[in-house]
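Have a look at the structure below before the remarks.
The numbers here are math on the coordinates, done by the rules we state, and not lab data. Please read all numbers here as calculations on a predicted model, not as lab measurements. For neighbour counting, all protein chains shown are included, and Cβ atoms are generated from backbone atoms with ideal geometry for every residue, glycine included.
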Amino acid sequence: MFRRTLLSATLGLVFATLAGCTHTQPGAAQARLVGVAQVDLTPDYPVRLNGYGGRRLESEGIEQRIRAKALAIGSDAEGPFLLLTVDNCGVPEWIRTEVIRRLAKRRVTSERFAICSSHTHSAPMLNGVLPTIFGIPIPPEHQRNIDRYTREFTDNLEKLCLAALADRQPAQLAWAKGKVTFAKNRRKPTPTGYQNAEYPEGPTDHELPLLRVTTPDGKLRAVLASYACHCTTTGFNKLHADWAGCAQFALERAHPGVIALTAIGCGADQNPYPRGTYELAEKHGQELATEVSRLLKEAKFTPLDGPLTGVTKRIELPFDKLPTRAEWEVAAKKPGAEGLRAQFALAELDQGKSIPAKLPYLVQVWGFGRDLAMVFLPGEVVADYGLRIKREFDGARLWVNSYANDVPCYIPSRRVWEEGGYEAAGAMVYYNRPNRFDGTQETRIMGAVQALMPKAFAR
């Protein structure tokens, strides 16, 4: 069983406040209903951790507890919006779909439901994410615990959503932007190709958007921050949420009674530097927490009192030419993930199934009136996308999240796709995708963003 801890506030709960976080600014946002909740996702049994292919053992202890958190915004009459942040390498779309199905009676729809994964590489594996990463079949006894965790995880997301919905009470939303700098581009050009190494000259997005939730009299209830960087500071085989989890705990220590949520921007080609120890994860998390606390005290927040809208558009991203059966048969004899992927493909073909030639891809945009547009992109999205979206629209009023609603594979820009390397093609084998994309993925994704973006955010 999970050590489940639902920490949802009730209507009569008094939240602790701190100096610098309790004032009401001129033009403060009008009150709307907002609920906040969290759930502990830490298993009390060993389970395979996702993210690093070299692991062969189940988890070997707990370095830091992992959690999921939720904001519920709006009334039942309006149809509530739910935003979840989850300490996990990736939540697959099928789990999102299942949770929405269970919440249908509460008027929760796909357009108004978003899950943001932290992409920590030290959380339990979920069925459907990186199925070939270990390069060998998962032992049955390990798979049983993965299956168990996946079931309990899904149940806990449902409970989390219900707790946040039950907690709704008058609140004010506002947002601001800050900056942190521990992320650096990791696509270093070398004579033999692009290597995973620190490359400060590459594109990076250091913006730190921050959403603030306060009571009508200005008391802080919750914060949501997002930063474009991998959660790969450490690589040991213990449960922890990396810098994103460290940032949450640091903020909650600094602001007792407050729930802190963290999401990830377009950081697929960004790593935290320096890296390699848990102490460094804590250092990076503290850097983010310090900037959030500074913003809460000093920044001019923009009230979000306009109507909240949500839209989605499902597109398809074509893969490059698929291997023939003969090519799969040759590949199946190779060691590691390439061979395992081919074995999976042959098993599908033997059952009369076809190998998908396209990847379904759901683009989502939330609009907070004219004051903020929040974009949600599935997958490991490289920095080029976030930077381009903020160039083409009014970047001062935009917030771009990736690892959102699904983590099906890396999403390279056209530039990265042409350059090649891990993010462009090499990583596809670990996600059990049949090939790299055909090169049109950026055009298709940007077309969807352009179609969904409210006209008020055009430059």
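Taking a sphere under 10 Å around the Cβ of ALA427 and counting the other residues whose Cβ falls inside, with K and R at +1 and D and E at -1, yields a net charge of 0.
Quick check: Cα centre of segment 255-280 to Cα centre of segment 78-123, how many Å? Between the Cα centre of segment 255-280 and that of segment 78-123, the gap is 20 Å. Restricting the calculation to Cα atoms, segment 301-441 yields a radius of gyration followed by a Dmax of 18.5, 60 Å. Contact order for the chain, expressed relative to its length and based on alpha carbon pairs under 8 Å spaced 6+ residues apart, stands at 18 percent.
Full-extension gain between ARG107 and LYS313, please, as 0.36 nm times their residue separation minus the C-alpha to C-alpha distance.
On the way: separation 206, 0.36 × 206 = 74.16 nm, distance 1.94 nm.
Gain on extension, ARG107 to LYS313, equals 72.2 nm.
Here the chain is treated with +1 on each Lys and Arg Cβ and -1 on each Asp and Glu Cβ, and its dipole about the Cα centre works out to around 640 debye.
Contact order for segment 200-344, expressed relative to its length and based on alpha carbon pairs under 8 Å spaced 6+ residues apart, stands at 20 percent. For Cα extents along the principal axes in Å, the choices are [x] 68, 50, 45; [y] 66, 45, 43; [z] 66, 63, 39; which was calculated from the structure? Answer by label: [x]. Residues LEU308, LEU126, ranked from the fewest to the most other C-beta atoms within 10 Å, line up as LEU308, LEU126. Ignoring lysines fewer than eight residues from LYS455 along the same chain, the ones with Cα atoms less than 26 angstrom from its Cα are LYS177, LYS300, LYS313, LYS390.
Helical content alone sets the calculated 222 nm signal of the chain at -8500 deg cm²/dmol, taking -39,500 (n - 2.57) per DSSP H segment of four or more residues and averaging over every residue.
If you count the DSSP beta bridges with both ends in segment 193-280, what percent of them are antiparallel, to the nearest 5? Once the DSSP bridges in segment 193-280 are tallied, antiparallel ones form about 45 percent. CYS266 sits among other residues whose Cβ lies under 11 Å from its own Cβ, and their net charge, with Lys and Arg +1 and Asp and Glu -1, is -3. Spacing of the modelled spin labels on ALA166 and GLN450, each 7 Å from Cα toward Cβ, amounts to 4.7 nm.
Within 12 Å, Cβ to Cβ, of GLU316, how many net charges do the neighbouring residues add up to if Lys/Arg are +1 and Asp/Glu are -1? Walk me through the intermediate numbers first.
Numbers: positive: LYS313, ARG314, LYS358, ARG444; negative: ASP438.
Residues near GLU316 contribute +3 overall.
Tally the DSSP beta bridges in the chain and give the antiparallel ones as a percent, rounded to 5.
Details: 59 of 78 bridges.
Restricted to the chain, the bridges split so that about 75 percent are antiparallel.
Classification of segment 151-304 by its C-alpha gyration tensor yields a prolate form. The axis ratio a/c (a ≥ b ≥ c) is 1.5 or more, and a/b outweighs b/c. A Förster radius of 22 Å combined with the Cβ-Cβ distance from LYS334 to ILE136 puts the calculated FRET efficiency at roughly 0.95. Shape annotation for segment 220-368: C-alpha extents along the principal axes are 63, 43, 23 Å, from largest to smallest. Sorted fewest first by neighbouring Cβ atoms within 10 angstrom, LEU33, LEU208, LEU239 come out as LEU33, LEU208, LEU239.
With 22 Å as the cut-off, how large is the P(r) tail for segment 176-261, expressed as percent of Cα-Cα pairs? Value for segment 176-261 (Cα pairs over 22 Å): 43 percent.
Between rounded, prolate and oblate, where does segment 240-287 land on the alpha carbon gyration tensor, with a ≥ b ≥ c its root eigenvalues, rounded for a/c under 1.5, else prolate if a/b exceeds b/c?
Because a/c hits 1.5 or more and a/b fails to exceed b/c, segment 240-287 counts as oblate.
For segment 342-459, the relative contact order comes to 26 percent (Cα pairs under 8 Å, sequence separation of at least 6).
What's the exposure ranking of SER122, SER413, SER354, going from fewest to most Cβ atoms within 10 Å? Display every interim value, and only then the final one.
Working: SER122 31, SER413 25, SER354 8.
Exposure proxy ranking, most exposed first: SER354, SER413, SER122.
The residue list HIS255, ASN435, GLY135 was ranked by how far each Cα lies along the charge dipole of the chain toward its positive end, using unit charges on Cβ atoms, and HIS255 comes out on top.
Between the alpha-carbon centres of segment 305-357 and segment 358-412 there is a gap of 23 Å.
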